[in-house]
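Below: one structure, written as structure tokens.
The values are calculated or read from the model by the stated rules, or taken from the named source; none is laboratory data. Since this is a predicted model, take the numbers as computed values, not measurements. Cβ placement follows ideal geometry from the backbone for every residue including glycine, while neighbour counts extend to all protein chains displayed. Surface areas here come from the heavy atoms of the whole protein model, side chains and all, with no ligands, DNA or RNA. Shrake-Rupley method; radii C 1.70, N 1.55, O 1.52, S 1.80 Å.
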Amino acid sequence: MALDFDTVYQLDQVPDLEDAKVTTSYEWEGVTYELRNHIDGWLVVIRSASPSATIYPSHVDGEYTFGRVIVNALLSTAGTRVGWNEQNQAGVTCDSNGTRWAVAWLQAGQPHFHDFDDWRSAHTALADTLEAMAKQPVYTGSNMEDEILQAYLRLAASSMRATVDRAHLGDTLREWQPHMQADRRVADIAKHLDVDRKFLYRVFDGTEWCPRYTPAGTAPVS
């Protein structure tokens with residue numbers, strides 16, 4: 001039977017599914033996403049607890065849907081997130097093991113995503129992404145809103161870089177903690193940093209100036 005476009009099918013309803021060539025795929029948290037070149041069109045296959053397939057007439061339509069489904073899934077659990085509206089947003093998410101990170105973003109509705117190995121790389125990439133988004137036309141439908149959003153994205157990029165730099169400073173202080181204590185320099189270093197000793201000890205124990213991440217609805221990952 002010929003498949004109808006934009007109709008959601010169960011996998012066993014798609015003839016010759018496994019014969020359709022996989023042109024690209026992505027896996028996240030046990031869910032596999034596939035873009036397949038099927039005889040009837042381009043299939044977006046989601047292998048999850050409720051597997052499904054949807055067919056599109058062109059590669060452009062299939063590729064867009066493939067990316068949008070993945071980005072929506074990643075952003076839905078993103079703990080670090082910057083957004084203006086449904087079509088312009090970006091975020092960082094982490095898998096349940098805390099070992100795999102992803103940056104996902106939408107600009108004027110176009111989906112993009114990339115994987116990273118650690119907190120620092122992911123959040124640095126998010127800052128780079130926000131800065132790049134700020135340099136591009138936004139297309140909210142309003143020149144005023146576009147300019148405000150571009151300024152907001154630049155500020156968000158700077159804030160994200162500050163977060164990464166603050167964590168790096170904390171790591172450096174924790175690395176040198178034994179030497180500071182041995183040389184009785186804790187109070188002196190705290191004064192230079194314009195913080196008190198109690199705060200600096202919180203930095204030492206990893207409760208301040210450290211990589212922080214809280215996926216939506218879960219416990220923090222550090």
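Relative to the Cα centre, the charge distribution of region 137-209, modelled as +1 at Lys and Arg Cβ and -1 at Asp and Glu Cβ, gives a dipole magnitude of about 360 debye.
Between the listed residues 88, 168, 144, the Cα displaced farthest toward the positive end of the dipole of region 82-222, a dipole computed from Cβ unit charges relative to the Cα centre, is found at 168.
Residue 4 contributes about 90 Å² of solvent-accessible surface, heavy atoms of the protein only, 1.4 Å probe. Counting every pair of alpha carbons in the chain, the share spaced more than 26 Å apart comes to 51 percent.
R0 = 41 Å: FRET efficiency of residue 120 with residue 10, Cβ-based, nearest 0.05? Present the calculation step by step, with values, prior to reporting the outcome.
Numbers: r = 42 Å, r/R0 = 1.02.
Approximately 0.45, to the nearest 0.05.
Taking Cα centre as origin and charging only the Cβ of basic (Lys, Arg, +1) and acidic (Asp, Glu, -1) residues, the dipole magnitude of the chain rounds to 1200 debye. For the chain, the longest principal axis of the C-alpha atoms and the axis of helix 59-76 are separated by about 40°. What a 1.4 Å probe finds exposed on region 1-144 is 49% carbon and sulfur by accessible area, rounded to a whole percent.
Could you work out the helix-only [θ] at 222 nm for the chain, with each DSSP H run of four or more residues adding -39,500 (n - 2.57) and the total divided by the number of residues, to the nearest 500 deg cm²/dmol? Before the final figure, lay out each step's value.
Values: 5 runs with 90 residues, N = 222.
Counting only the DSSP helices, I get -13500 deg cm²/dmol.
Positive end of the dipole of the chain (Cβ unit charges, origin at the Cα centre): among 97, 192, 134, the Cα lying farthest that way belongs to 192. Using 1/(1 + (r/R0)^6) with R0 = 35 angstrom and r between the beta carbons of residue 132 and residue 181, what's the FRET efficiency to the nearest 0.05? Approximately 0.25, to the nearest 0.05. Counting only Cα atoms, the size of region 1-74 along its three principal axes is 33, 25, 20 Å, in decreasing order.
Distance between the modelled labels on residue 210 and residue 37, one decimal in nanometres: 5.0 nm (7 Å Cα→Cβ projection).
Below 12 Å, Cα to Cα, which aspartates and glutamates can residue 135 reach? Residues fewer than 8 away in the same chain don't count. Here the aspartates and glutamates satisfying the reach criterion relative to residue 135 are 146, 147.
Could you tell me the calculated FRET efficiency between residue 100 and residue 197, based on Cβ-Cβ distance and R0 = 35 angstrom, to the nearest 0.05? Could you put the intermediate results ahead of the total?
Values: r = 38 Å, r/R0 = 1.08.
According to the calculation, E is roughly 0.40.
Remark: the Cα gyration tensor places region 126-216 in the prolate category, a/c being 1.5 or greater and a/b exceeding b/c.
The distance from the alpha carbon centre of region 1-72 to that of region 144-220 is 43 Å, rounded to a whole number. The charge dipole of region 62-151, taken about its Cα centre with unit charges on the Cβ atoms of Lys, Arg (+1), Asp and Glu (-1) only, comes to about 140 debye.
With the alpha-carbon atoms as the only input, what is the per residue convex hull volume for region 56-150 in Å³?
Numbers: hull volume 9.6 nm³, N = 95.
Each residue corresponds to 101 Å³ of Cα convex hull volume.
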